[in-house]
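So the structure is just underneath, and the comments pick up after that.
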Amino acid sequence: MSATATNTPRLERAYARLGVLLIAPTILVFSLVIVYPLLAAIYLSVFSIYTPTLQGNFVGADNYVKLLTGHEFWNSLGVTLVWTFGTLTLQIVFGVGMALLLHQNIWFRSLARSLVLFPYFLSTVVAVLVWRWLFNDLYGAMNHGLMQLGILDMPLDWLGSMPNAMIGVILVGAWKYFPFVVIAVLARLQTIPEHLYEAARIDGAGPVARFWDVTMPQLRNVLTVIILLRAIWDFKEFDLIYLLTGGGPVTSTQTLSLLVYQEAFGLNRMGQAAAYSVGMMLVMLVFMVLYIRRTGKES
Amino acid sequence: MADVTLRNVRKQFGTFVALEKLDIDIRSGEFVALLGPSGCGKSTTLRMLAGLEFPTSGEISIGGRVVNDVAPGKRDIAMVFQSYALYPHMTVGENIEYPLKKRGVKATERKAAVLRAAEMLQLEPLLDRKPKQLSGGQQQRVALGRALVRDPQVFLLDEPLSNLDAKLRSYMRAELIELHRRLGKTMVYVTHDQLEAMTMASRIAVMFDGRLQQFDTPAAVYNRPANRFVASFIGTPSMNQLEGAVDGSTFRVAGHAIPIDRSRFVHALGSGTFVLGVRPEFVTIGGGDLPARIRLVENTGHEQIVTLELTDGTRLLARTDAARRLDVGQSVQIGFHPDALHLFAPEETGRRLNKDDAASVIPMRSR
């Protein structure tokens, strides 16, 4: 008994040392690429800095006062929330619908399952170029098609006027990212035991009742995680919106990411940009806390 | 009134024939076991009764009504699954209530019915729990509760006890027999466990290779197996089957002649190869004139299963008292109880050739 009491801890200490050694590289890289930029942003946000030279003066909380009192941040926050809510809703609706369709035993299932991933794998630049061509007010296929069908009388300025620009951005975002929802939901659908559906059929449940009473409860956990993850990713989306509208017309599709970029590299005010990004981070913290609590609960 | 009838039912999956020419008549209130090895078609049969599979041809009727085109929910049946298939997000009470809800039963009536079912199965303290908080036996009872709450005409049970441990299984077996007696409903029970079939069923449908081999009472299936397959499938250890030739009033095996009573078998018995069947309890060690050697003795406490080897290497089993002293390697003379001999045609499902009379049933302790 005393032998084990003295021996085991020594072995355990050796294991612990090995463990520290093995995670050290990860910690190091993590510190360099995540912790340092985070601290640097907070540091920069209390200076007034000219971006090309990175020179400037300490201004204390001035940048934050401007954030709170000016309308730019709040306008962009509003735009970001509209964009996130709009595109996320469409992603979930189409994603779940498509996953249900692809879960059925249809003859083109395996082909369709690969094809549905196409938008997700396509480079954003390429996808946006195609969509801008489709949306073009002079020669775009979208206007042409809608006019042929008699839905439109006149060509529409899709990306240059509101609310069309926001609708366009939301649609392209939904198109680009719904495959993620499809994959995650489809993976979960395949694990729902067939017996539950059979039991429900014997219990007298029709197709609609089976969806709400068997499928949906089983999807609830995975949908919560998907919604939180996609909300975080959509909230900070940059390239798709920047390439599609550049934040315009004027600032009506300028999300927080675009605002930060505009401030830092358009107006060369790195300090103010850092303050905006810190503000944006605080908003995202809400989603992140929810996500961590959710996934923590599951494990 | 809920007879269940399968008339000339055939089921094919692609090119694979799962069931062939199946005719079963189940009387109202009967407890019928569908018994057979895996892949014999017993689960397919049950699933067709439930409406989860559709027969390729033939007719299925429940309570006098042809149900081939009736949806599972409208057949007035309930089914208990091997995996229990409880809805994981609903409480025990909600699980039991669900079939009533889907049938538009009023809330007050639903509540009363759930309580009645829960009381019958001693589930009252568990009504607010979720299925994953229950043990296997409790989940099993909830599945039964969900089946009996709406008072269906026919209960379909798909290996409901196979996920339970041995002790709980024998307990639930007794519970199910009791439940059947109390409800008096038709029950169709799929199992690969002959013990369950023998102890619970009023009649057993033995199936093999997509065909019904025999449909009779447990005693008849044991004592008068219709063919070689049934003879070997029912009984543990299974019936000894010795290949040999009929020669006058003897059966020749391993160079020895075993006397048989020709009058007990069908007249047309010609010469040629046959299979002689005898259950291990009717093999007597030290009482006959067939020389054999003891190869293995398995003592289970209340009996011994003895593996014997004839001079030509044929092996057979005998069942004896646990108290008897037998040594491996010992040479013995063995004999067969003359009234307990079965004769079969030689193919795998070779027909039994005895004339079926009551005399072929011998009380086990008359050896």
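Which whole-number percentage describes the relative contact order of chain A, with Cα contacts under 8 Å and a sequence gap of 6 or more? Let's see the in-between values first.
Values: 308 pairs, mean separation 86.2, N = 299.
Relative contact order for chain A comes out at 29 percent.
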Determine the gain in length on full extension of the stretch residue A:74-residue A:38; use 0.36 nm per residue of separation and subtract their C-alpha separation, reporting nm with one decimal.
10.7 nm
Work out from phi, with θ = phi - 60° and the Karplus expression 6.51 cos²θ - 1.76 cosθ + 1.60, the ³J(HN,Hα) of each residue of the stretch A:17-28, listed in order in whole Hz, and give x for Gly and Pro.
4, 4, x, 4, 4, 6, 8, 4, x, 4, 4, 4
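Return the FRET efficiency for the residue pair residue A:284, residue A:100: r is the Cβ-Cβ distance, R0 is 41 Å, and the value is rounded to the nearest 0.05. Show your work: numbers first, answer last.
Values: r = 31 Å, r/R0 = 0.75.
It comes to 0.85.
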Here FRET efficiency (C-beta to C-beta, residue A:124 to residue A:151, R₀ 25 Å, nearest 0.05) is 0.30
As a footprinting exposure proxy, order A:15, A:261 by other Cβ within 10 Å, with the fewest listed first.
A:15, A:261
Which residues' amide hydrogens lie under 5 Å from the amide hydrogen of residue B:324, considering only partners 5 or more residues apart or on another chain, with H built in the peptide plane?
none
How do A:201, B:351, B:116 rank when sorted from fewest to most other Cβ atoms within 10 Å of their own Cβ?
B:351, B:116, A:201
Among DSSP bridges having both ends in the stretch B:136-272, what percentage is antiparallel? Round to the nearest 5.
70 percent
Sorted by chain and number, the residues with a modelled amide H under 5 Å from that of residue B:31, at a separation of 5 or more or across chains, are B:187, B:202, B:203
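Which of B:170, B:43, A:45 has the fewest other C-beta atoms within 10 Å, and how do the rest follow up to the most? Write down the numbers at each step before the final one.
Details: B:170 15, B:43 21, A:45 24.
Fewest-to-most Cβ neighbours within 10 Å comes out as B:170, B:43, A:45.
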Using a 7 Å offset from the Cα along the Cα-to-Cβ direction at both residue B:250 and residue B:238, what is the distance between the two label points in nm, to one decimal?
3.0 nm
Report the one residue of B:194, B:278, B:63 whose Cα lies farthest in the direction of the positive end of the charge dipole of chain B (charges on C-beta: Lys and Arg +1, Asp and Glu -1; origin at the Cα centre).
B:63
Two decimals is fine: what's Rg over Rh for the stretch B:110-243, C-alpha atoms, Kirkwood radius as Rh?
1.05
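What percent do you get for the relative contact order of the stretch A:205-297 when only Cα pairs under 8 Å and 6+ apart count? Each step should come with its number before you reach the end.
Working: 50 pairs, mean separation 24.9, N = 93.
This gives 27 percent for the stretch A:205-297.
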Zone reached by a paramagnetic label modelled 7 Å from residue B:178 Cα along Cα→Cβ, restricted to the stretch B:120-153 with backbone N below 11 Å, covers B:120-122
Site residue A:65, offset 7 angstrom along Cα→Cβ, radius 12 Å on amide nitrogen, limited to the stretch A:259-297, gives none
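So how strong a dipole does chain A carry about its Cα centre when Lys and Arg Cβ are +1 and Asp and Glu Cβ are -1, to the nearest 20 debye? Intermediate values should be presented prior to the final figure.
Numbers: 18 positive and 15 negative charges, 192 e Å.
Computed about the Cα centre, the dipole is about 920 debye.
Based on DSSP H runs of at least 4 residues, each adding -39500 (n - 2.57), what is the mean residue ellipticity at 222 nm of chain B after dividing by all its residues, to the nearest 500 deg cm²/dmol? Intermediate results must be reported in sequence, preceding the final value.
Values: 8 runs with 84 residues, N = 367.
Mean residue ellipticity at 222 nm (helix-derived): -7000 deg cm²/dmol.
About its Cα centre, how strong a charge dipole does chain B have in debye, to the nearest 20, once Lys and Arg get +1 and Asp and Glu get -1 at the Cβ? Let's see the in-between values first.
Numbers: 48 positive and 41 negative charges, 209 e Å.
Dipole of chain B, to the nearest 20 debye: 1000 debye.
Excluding same-chain pairs closer than 8 in sequence, count the lysine pairs in chain B whose Cα atoms lie under 17 Å apart.
Working: B:11/B:21; B:11/B:42; B:21/B:42; B:74/B:101; B:74/B:102; B:101/B:111; B:102/B:111.
Step by step, the pairs that qualify in chain B add up to 7.
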Please find, in a Gaussian network model of chain A (springs between Cα atoms separated by less than 10 Å), the residue of A:153, A:203, A:234 whose mean-square fluctuation is greatest.
A:203
For chain B, modelled as a Gaussian network with Cα springs under 10 Å, which listed residue fluctuates most, B:228, B:279, B:315?
B:315
Taking every pair of Cα atoms in the protein assembly as shown, average 1/r, invert it to obtain the Kirkwood radius, and report Rg/Rh to two decimals.
1.17
Estimated FRET transfer efficiency when R0 is 30 angstrom, pair residue B:59-residue B:101 (beta carbons, to 0.05)
0.40
Once you charge only the Cβ atoms, +1 for Lys and Arg and -1 for Asp and Glu, what is the size of the charge dipole of the protein assembly as shown about its Cα centre, to the nearest 20 debye?
780 debye
Which one, B:326, B:254, B:294, projects farthest toward the positive side of the charge dipole computed for the stretch B:238-366 from Cβ point charges (K/R +1, D/E -1)?
B:326
Would you grab the residues whose amide H sits under 5 Å from the one on residue A:47? Only those 5+ places off in sequence or on another chain, please, with H modelled 1.01 Å from N.
A:59
Before anything else, pin down the relative contact order of chain B: Cα pairs under 8 Å, at least 6 apart, normalised by residue count, whole percent.
15 percent
Dipole-positive endmost among A:99, A:240, A:119 within chain A (Cβ charges, Cα centre)
A:99
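Please compute the average number of Cβ atoms from other chains found within 10 Å of each residue's Cβ in peptide B:81-90. Show your work: numbers first, answer last.
Values: counts 6, 1, 5, 2, 11, 3, 8, 6, 6, 2.
That average works out to 5.
Just so you know, all these numbers are worked out from the coordinates, no wet-lab data involved. All figures in this text were calculated on a predicted structure; none of them were measured in a lab. Every residue, glycine among them, receives a Cβ derived from its backbone with ideal geometry; neighbour counts consider all protein chains shown.
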